[in-house]
Amino acid sequence: MGSVLVAPGAATGNAPGAMVSTTNGLRLALLAMPLIGATFLSKFAIPPFGAQGIGISLFVLLAVVIASVVGGAMRAEPRRMALYFMLIGSLGLVQILQPESFSPLSLLLLVAVHLPYAVTVPHSDDGGRIITLFIGIATVLAVLGIAQYGLQFFVDPRLLFPIENFTPDTFIVQHFNHQAAIEYGSHEYRANGVFMVEPSVFGQLLAVAIIAELCTRGRITRLALFGLALVAANSGTGIMVLAVCLPLCLVAQRRWGLLLAGTLAVVAIIALHEYFHPVRILSRIAEFGSAHSSGYSRFVGGFYLFDQFLWHDPWRALFGYGAGAFTSYAGRGHYGADEMALFKIVLEFGLVGAAVYFGFLFCCLFYSPAPRFLTLAVALTYFLNGIYTPFAHGMALTLLLWTPGRDQAERGLWLGHWSLRNTTVTPVAALPASHAGSHA
């Protein structure tokens, strides 16, 4: 009679196995926290921070990180921790050199927001599960966004944008265009996926999801779904991310078949132009030339602030006006300017502080073993949002920094589908049998 193999702990109710399963579940929940904050929690705030455009997710994330470090679930990552202290020291020194006062609270908030970059989750091999979770969340939001756009012709739009219309303003993040019309005076609204803070951020999420899908399974149905939702979002910033990353990704992977699929999709959109308004989407490029448009305020107006307040004064050009100064000087500018990351950092900390800040970010992001196209897509979103918008931070921490470790990437285990030994992406099927077997 053959022997029976019993798993350890089976005789005692599988206690060790249950403990391991619980530990894995808690670790996955911890890894997913920045992503959850960047999506499902992104609109919510606690007074009075909501009026300042700061959502609750940043504070939740910081609390989770501190509790996890104290409890041993997270630890400092030496390389990024050293960079973090260099960032704090450099920006603090810039403030000391300022001849005028600065906002200590603004500087403290900047320091706190970037603390999660200095830690990691040890012994994490959940890269595949995290990317699956991300694409799953993007799929849910894409379906909601398509439904938002399509149903608004038959349903009261307030019901399709419930958070904006039925939650008190004090608990909603302000200074975002939550329920944005297709164009001025229109009664048609751009989709935001219900939970995303505004359509432009929704579009960026879809763009990152398209690149992530291409770097993994490359399912045509998912790509088509994300593309259709991007049209419903009417997002110029999402298109900007794709315009940079998509051609590079397709050429590197030699996915020539997707070019045909993309051509057919464009033809279908043009044929259904009465519903999708492709001309309106392309016309959003013209916003960069209109001083009264949101695109101008977000991506052009800040350069006029530099001309007005920085470049004529070498000291200010190098060291800026101090933490928290952007709001005051933007109000005194000849043109409107939103608090985008690039404009805020340069105006407050000067070229020296900006070099340190963005150098810190890019060293953290591009040291990640994730596919370079996905890293590039996430990196671009930093220039398309404000510094306290949780989207770029959430994407970076979950997808790039907290998992997986460098050792897993070098063994080709990231995502369980692709080998990152080279710059190009190699399907598992093309690997030697001895190596591919580790993916089973």
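The values are calculated or read from the model by the stated rules, or taken from the named source; none is laboratory data. Since this is a predicted model, take the numbers as computed values, not measurements. Cβ coordinates were reconstructed from backbone atoms using ideal geometry, including for glycine residues, and neighbour counts include every protein chain displayed. Just the protein is used for accessible areas: all its heavy atoms, side chains included, with ligands, DNA and RNA removed. Shrake-Rupley method; radii C 1.70, N 1.55, O 1.52, S 1.80 Å.
For this structure, a couple of remarks:
- Distant-in-sequence amide H partners of Ile172 (H built 1.01 Å from N, under 5 Å): Ala45
- Excluding ligands, DNA and RNA, the accessible surface per residue across the stretch 42-119 is 48 Å² with a 1.4 Å probe.
- Note, ³J(HN,Hα) from phi for the stretch 88-99, Karplus 6.51, -1.76, 1.60, rounded to Hz, x at Gly and Pro: 4, x, 5, 5, x, 5, 4, 5, 4, 6, 5, x
- The calculated FRET efficiency for Glu183 paired with Leu159, based on their beta-carbon distance and R0 = 25 Å, is about 0.65.
- The stretch 202-243 shape via C-alpha gyration tensor axes, a/c threshold 1.5: oblate
- For the stretch 202-208, backbone phi angles converted through the Karplus equation (6.51, -1.76, 1.60; θ = phi - 60°) give residue-by-residue couplings of 4, x, 5, 4, 5, 5, 5 Hz, Gly and Pro being listed as x.
- Sequentially through the stretch 23-30, phi angles give Karplus couplings (6.51, -1.76, 1.60; θ = phi - 60°) of 4, 4, x, 5, 5, 5, 5, 5 Hz, Gly and Pro residues having no value and appearing as x.
- In this structure the amide hydrogen of Gly193, modeled in the peptide plane, comes within under 5 Å of the amide hydrogens of Gly145, none closer than 5 places in sequence on its chain.
- Checking every one of the chymotrypsin sites (Phe, Trp or Tyr not before Pro) in the stretch 310-383 against DSSP loop status and a limit of 12 other Cβ atoms within 10 Å picks out Trp311.
- Rounded, prolate or oblate (a/c below 1.5 giving rounded, otherwise prolate when a/b exceeds b/c) for the stretch 84-242 by Cα gyration tensor: oblate
- Low-density loop cleavage sites - chymotrypsin sites (Phe, Trp or Tyr not before Pro) in the stretch 176-242, where at most 12 other Cβ are within 10 Å (DSSP): Tyr184
- Cα gyration tensor shape for the stretch 45-148, rounded if a/c is under 1.5, else prolate or oblate: oblate
- Solvent-accessible area per residue, Å², over the stretch 352-403 with all protein chains present [probe radius 1.4 Å]: 19 Å²
- Between Ala181 and Arg190, the built amide H atoms are under 5 Å apart, and every one of these is 5 or more places off in sequence or on another chain.
- Cβ-derived FRET efficiency at R0 60 Å, Thr23 paired with Tyr304, nearest 0.05: 0.65
- On full extension, the segment bounded by Leu264 and Arg332 gains 19.6 nm, given 0.36 nm per residue less the C-alpha separation.
- For the stretch 107-232, the fraction of 1.4 Å probe accessible surface lying on carbon and sulfur atoms is 65 percent.
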